[in-house]
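The values are calculated or read from the model by the stated rules, or taken from the named source; none is laboratory data. Only a predicted model underlies this, so the values are computations on that prediction, with no experimental measurement involved. When we count neighbours, we look across all protein chains shown, and the Cβ atoms used for this are built from the backbone with ideal geometry, even at glycine.
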Amino acid sequence: MADTSLASGPPGAVRTLAVWHRVECWVAVVCFSFIAIILVLDVLGREFVGPVFGLLGIDVGPTGIFASQRFSIYALVVGSFAGVGIATATGSHLVPRVGFGWVPPAWGPAMDRLADVITGFFLLVVTWYAGEFVQSTYTADLRAPVLDWVVWPFQLAIPAGFLSAACRYFAYAIWPGLRPRPPEFQE
């Protein structure tokens, strides 16, 4: 009789992927909440607070939030690339149906593992190029307009998001039971 206790993967791998997923979700929630709050406050300040004080004859100067759009863009970069790992962990990314059905159904599990390995290596290559991109902005000391902040710390989310997805695909290749089931609408 086969040992089914590791069918979905060792408990440590299951826990690691679950915590990893939770952290990425929190990063995304914090980033997108920040975007919503700062942009709403900026619009309220410019479109409501400023005009109300203007009607009262009080000059309060600019009433929006300084550089709110810039802050939002950087939060969007971090939150979006956390979403790459989230989509991989939940199986909610787009999957092209090209080639489905080309091999016998009995080969399905082996083909899934091969696809996970190939996808993992592809994402490692993308991670490397993303790292090169971040390195170039670090070397050039590229700074954000208006804020004069270096941008490379925010750009680190790009290779991190791709590396996260690559590592997950390798985990799925090693322990196929960890792979999320595709949503019903994709089947």
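Some notes on this structure:
- Output for region 104-115, where each listed residue is in contact (Cβ under 8 Å) with a residue 60 or more places away in the chain and loosely packed, with under 15 Cβ neighbours inside 10 Å: 109, 112
- Within region 41-60, the set of residues being surrounded by 12 or more Cβ atoms within 10 Å (Cβ to Cβ) and either of a type outside the set (Phe, Trp, Tyr) or closer than 19 Å to residue 72 by Cβ (or both) comprises 41, 42, 43, 44, 45, 46, 47, 49, 50, 52, 54, 60.
- Boolean, residue 113 is in a helix (DSSP H, G or I) and charged (D, E, K, R): yes
- Test: residue in region 62-75 that is surrounded by 14 or more Cβ atoms within 10 Å (Cβ to Cβ), in contact with a Cys (Cβ under 7 Å, 6 or more places away or on another chain) and in contact (Cβ under 8 Å) with a residue 40 or more places away in the chain: yes
- Some residue of region 71-89 being in contact with a Pro (Cβ under 7 Å, 6 or more places away or on another chain), closer than 30 Å to residue 179 by Cβ and assigned to a loop (DSSP other than H, G, I, E, B): no
- Test: residue 15 is exposed (fewer than 12 other Cβ atoms within 10 Å of the Cβ) and either part of a helix (DSSP H, G or I) or at pLDDT 85 or above (or both): yes
- Conditions (1) touching a residue at least 12 places away in the same chain (Cβ under 8 Å); (2) loosely packed, with under 15 Cβ neighbours inside 10 Å; (3) assigned to a helix (DSSP H, G or I); (4) under 22 Å from the mean Cα position of the chain (by Cα); number of the one not met by residue 118: (1)
- For beta carbons closer than 6 Å, sequence separation of 6+ or different chains, a first residue in region 167-187 that is at negative phi and a second that is modelled with pLDDT of 90 or more and assigned to a loop (DSSP other than H, G, I, E, B), the qualifying pairs are 172/179.
- Just one of the listed residues (83, 99, 108) is closer than 28 Å to residue 165 by Cβ and at pLDDT 90 or above, namely 83.
- For beta carbons closer than 8 Å, sequence separation of 6+ or different chains, a first residue in region 84-103 that is within 10 Å of residue 168 (Cβ to Cβ) and among the charged types (D, E, K, R) and a second that is surrounded by 15 or more Cβ atoms within 10 Å (Cβ to Cβ) and at pLDDT below 90, there are no qualifying pairs.
- Any hit, region 142-149, residues being in contact with a strand residue (DSSP E or B) (Cβ under 9 Å, 6 or more places away or on another chain), of a type in the set (D, E, K, R) and without any contact (Cβ under 8 Å) to a residue 40 or more places away in the chain: yes
- Selection from region 121-146 of residues that are surrounded by 15 or more Cβ atoms within 10 Å (Cβ to Cβ) and in a loop (DSSP other than H, G, I, E, B): 144
- Test: residue in region 40-51 that is closer than 18 Å to residue 160 by Cβ, of a type in the set (Val, Ile, Thr) and out of contact with any Leu (no Cβ under 8 Å at 6 or more places or on another chain): no
- Condition check for residue 151: at pLDDT 90 or above and within 18 Å of residue 25 (Cβ to Cβ): no
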